[in-house]
Amino acid sequence: DAGVTQSPTHLIKTRGQQVTLRCSPKSGHDTVSWYQQALGQGPQFIFQYYEEEERQRGNFPDRFSGHQFPNYSSELNVNALLLGDSALYLCASSLKRYEQYFGPGTRLTVT
Amino acid sequence: AQKVTQAQTEISVVEKEDVTLDCVYETRDTTYYLFWYKQPPSGELVFLIRRNSFDEQNEISGRYSWNFQKSTSSFNFTITASQVVDSAVYFCALSEAWWKLASGSRLTFGEGTQLTVNP
């Protein structure tokens, strides 16, 4: 039974560029949440997708956007990258309202 | 607004010592869930436990135990006879009761406690 997978593992981008991160949920899960974890801090909720719609959103600017596909996989897009966007981006999946299972994360470095 | 505070930034113990990680939370909700996650150096968050706000029974799972006290808004985690493999960052988290929502609930995390167990 495959767990939550994320790609890529690591990514280096330059300020001003755009990035797309990908997440495949655990088998049987239909809800995907994204979190940003800066170094030495706890994860911060970005947004959540269910039935291909954004259902909840944390305190993040519109530069952060996402998408969920019919197969429940999801993408996180960040435009106009800032140095402060450097972080570990974690994807979590769940079956509707239940427990969230986390993937290994994508480490984004913005230079 | 919800808030989770983990006052201990770092804890260092010697193997076989018992260690308690503190967690204090704030919420206006009367029903909610509390969680503990472990984050090893690989980065993946590993789920340890979920607790309902209406169930204050303490729980034990092997060397792990959790003490939930609603009166003091605390949900502390104890590792008995610690081992080197317990070294990781531990996060306490809080969420609204998801049955109140059309979709799943967001998790609010504390800042984490770095536990180092030395041989």
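Counting only residues that are more than 14 Å from chain B (Cβ to nearest Cβ) and modelled with pLDDT of 95 or more, how many does region A:22-49 have?
Selection size over region A:22-49: 2.
Could you count how many residues in region A:85-99 are more than 27 Å from B:Arg50 (Cα to Cα) and open to solvent by 60 Å² or more (accessible area, probe 1.4 Å)?
Qualifying residue count for the region: 0.
Report the residue count in region B:3-29 for those that are in contact with a Cys (Cβ under 7 Å, 6 or more places away or on another chain), within 14 Å of B:Phe68 (Cβ to Cβ) and assigned to a loop (DSSP other than H, G, I, E, B).
Keep residues of region B:3-29 that are in contact with a Cys (Cβ under 7 Å, 6 or more places away or on another chain), which gives B:4, B:6, B:23.
The next check asks that each one be within 14 Å of B:Phe68 (Cβ to Cβ); those that pass are B:4, B:23.
Imposing the further condition that a residue be assigned to a loop (DSSP other than H, G, I, E, B) reduces the set to B:23.
Number of matching residues: 1.
Just to confirm my filter: which strands (runs of 3 or more DSSP E) fall fully inside region B:37-119 and include at least 3 residues that are away from chain A (no Cβ under 14 Å) and farther than 25 Å from A:Gly40 by Cβ?
Details: elements: B:46-52, B:59-61, B:64-69, B:74-79, B:88-96, B:113-118.
Output list reads B:59-61, B:64-69.
Quick one: is B:Thr30 at negative phi, modelled with pLDDT under 90 and exposed (fewer than 13 other Cβ atoms within 10 Å of the Cβ)? Before the answer, list the steps.
Numbers: at negative phi: yes; modelled with pLDDT under 90: yes; exposed (fewer than 13 other Cβ atoms within 10 Å of the Cβ): yes.
Here the answer is yes, as B:Thr30 does meet what is asked.
When you go through (1) within 14 Å of chain B (Cβ to nearest Cβ); (2) surrounded by 14 or more Cβ atoms within 10 Å (Cβ to Cβ) one by one for A:Thr9, which number turns out not to apply?
(2)
Can you pull out every residue in region A:35-84 that is touching a residue at least 60 places away in the same chain (Cβ under 8 Å) and open to solvent by 60 Å² or more (accessible area, probe 1.4 Å)?
A:Asn79, A:Leu82, A:Leu83
Of the residues in region A:1-33, how many are more than 20 Å from A:Arg63 (Cα to Cα), out of contact with any Phe, Trp or Tyr (no Cβ under 7 Å at 6 or more places or on another chain) and of a type in the set (A, V, I, L, M)?
Of the residues in that region, 1 qualify.
For region B:92-111, does any single residue satisfy the condition of being touching an Asp or Glu at 6+ places or on another chain (Cβ under 6 Å) and open to solvent by 40 Å² or more (accessible area, probe 1.4 Å)? Spell out the reasoning first.
Step one: list which residues in region B:92-111 are touching an Asp or Glu at 6+ places or on another chain (Cβ under 6 Å), which gives B:96, B:105.
Within this subset, residues satisfying the condition of being open to solvent by 40 Å² or more (accessible area, probe 1.4 Å) are B:96.
Looking for residues that are touching an Asp or Glu at 6+ places or on another chain (Cβ under 6 Å) and open to solvent by 40 Å² or more (accessible area, probe 1.4 Å), one finds at least one in region B:92-111, hence yes.
Could you check how many residues of region A:13-36 are assigned to a strand (DSSP E or B) and either more than 12 Å from A:Leu88 (Cα to Cα) or in contact with a Gly (Cβ under 7 Å, 6 or more places away or on another chain) (or both)?
Residues of region A:13-36 that are assigned to a strand (DSSP E or B), as a first pass: A:13, A:19-24, A:31-36.
This time we only want the ones that are either more than 12 Å from A:Leu88 (Cα to Cα) or in contact with a Gly (Cβ under 7 Å, 6 or more places away or on another chain) (or both), so: A:13, A:19-20, A:22-24, A:31-34.
Number of matching residues: 10.
Among the listed residues A:Thr14, A:Thr20, A:Thr31, which satisfies the condition of being more than 22 Å from B:Ala88 (Cα to Cα), more than 14 Å from the chain's Cα centre (by Cα) and β-branched (Val, Ile, Thr)?
Values: A:Thr20 fails: more than 14 Å from the chain's Cα centre (by Cα); A:Thr31 fails: more than 14 Å from the chain's Cα centre (by Cα).
Among A:Thr14, A:Thr20, A:Thr31, only A:Thr14 is more than 22 Å from B:Ala88 (Cα to Cα), more than 14 Å from the chain's Cα centre (by Cα) and β-branched (Val, Ile, Thr).
Hey, can you tell me all the residues within region B:49-76 that are touching a Lys or Arg at 6+ places or on another chain (Cβ under 8 Å) and without any contact (Cβ under 8 Å) to a residue 40 or more places away in the chain?
Going residue by residue through region B:49-76, those that are touching a Lys or Arg at 6+ places or on another chain (Cβ under 8 Å) are B:53, B:56, B:59, B:66, B:68, B:75.
Selection gives B:Glu56, B:Glu59, B:Trp66, B:Phe68.
The values are calculated or read from the model by the stated rules, or taken from the named source; none is laboratory data. Fair warning: this is a prediction, and the values are worked out from it, not measured in the lab. Counting neighbours? That spans all protein chains shown, and the Cβs are built from the backbone with ideal geometry, glycine included. The protein model used for the area step is the full one, side chains on, heavy atoms only, and it has no ligands, DNA or RNA in it. Shrake-Rupley method; radii C 1.70, N 1.55, O 1.52, S 1.80 Å.
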